[in-house]
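Quick note: the coordinates plus some simple rules give every number you see, no bench work behind them. Not measured: the values here are computed from a predicted model. All Cβ positions, even for glycine, are placed from backbone atoms using ideal geometry, and neighbour counts span all protein chains on display.
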Amino acid sequence: MKHLSLLALICIFSCSEKNTTTKVEAPKPTQNFDWLIGDWKRSDDQAGKQTYEHWQKSNDTLYQGKSYTMSAKDTIWSENVRLLKRDTTWFYAVTGRGDSFTTDFQLTSITDHSFVCENAANEFPKMIEYALVGDSIKAKISGGGPEIEFSFGK
C-alpha cells in the first residue's frame with residue numbers, strides 16, 4: 001500500500017502543469033533628452049513670425065534650451081529653459097525674458113522620445129509636453145488657459 005501511495009504521489013506531481021511563465025519587466029525609459037539637441041524652427045508660426053528653439057547638453061543631468069520669436073529683425077519674445085536633475089527628480093525650469101526667477105515644472109511622465117512636466121500651482125501653463133514624432137518635435141502647453149500646440153522641424 002505504501003508503494004501505491006508513493007506511486008500515486010509521483011504521478012500527481014509529474015503530471016501536474018508547471019507554471020513556467022517568467023515575469024519580464026518592460027525596459028525603463030533612458031531618462032535622457034538627447035533627441036532634443038540641436039536647432040529647431042517652428043513650422044506652424046503665425047505669419048510674419050519665426051520661432052526657434054536651440055537645445056544643448058551640458059552633462060548627464062543638465063540640458064539647456066533657448067526659445068525666441070522674431071518679427072522682422074526684432075526679438076519679440078524669449079525664454080531660457082533648463083532640463084535639470086535634482087537628486088532623483090527632473091525639472092523643466094523656465095526663465096522668461098527679463099525675469100529674475102525660474103518657474104519649475106516637475107517631470108511626471110517620460111518615454112524614450114517624449115516627456116510631460118507639470119506645475120499645478122502655476123497660473124498658465126500647468127503642463128508642458130514634448131514629443132519627437134518622426135523628424136519633428138511636437139510640443140504643447142495646457143492647463144489654466146488655452147491649449148497651444150507647437151510643431152518644430154530642423
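Neighbours of Phe91 by Cβ distance under 13 Å: Lys/Arg scored +1, Asp/Glu scored -1, total 0.
Specify whether the C-alpha gyration tensor of the stretch 34-153 places it in the rounded, prolate or oblate class, a ≥ b ≥ c being the square roots of the eigenvalues: rounded for a/c under 1.5, otherwise prolate if a/b is larger than b/c and oblate if not. Note, shape of the stretch 34-153 comes out rounded.
Treating the beta-carbon of each Lys and Arg as +1 and of each Asp and Glu as -1, no other charges, what is the dipole magnitude of the stretch 34-153 about its Cα centre, to the nearest 20 debye?
So the magnitude is around 260 debye.
Excluding Asn59 itself, calculate the net charge of residues whose Cβ lies under 15 Å from the Cβ of Asn59, where each Lys or Arg counts +1 and each Asp or Glu counts -1.
Working: positive: Lys57, Arg82, Lys85, Arg86; negative: Asp34, Asp60.
Taking every other residue near Asn59 into account, the sum is +2.
Summing +1 for each Lys or Arg and -1 for each Asp or Glu, what net charge is found among the other residues whose Cβ lies under 12 Å from the Cβ of Glu147? Around Glu147, the charge tally is 0.
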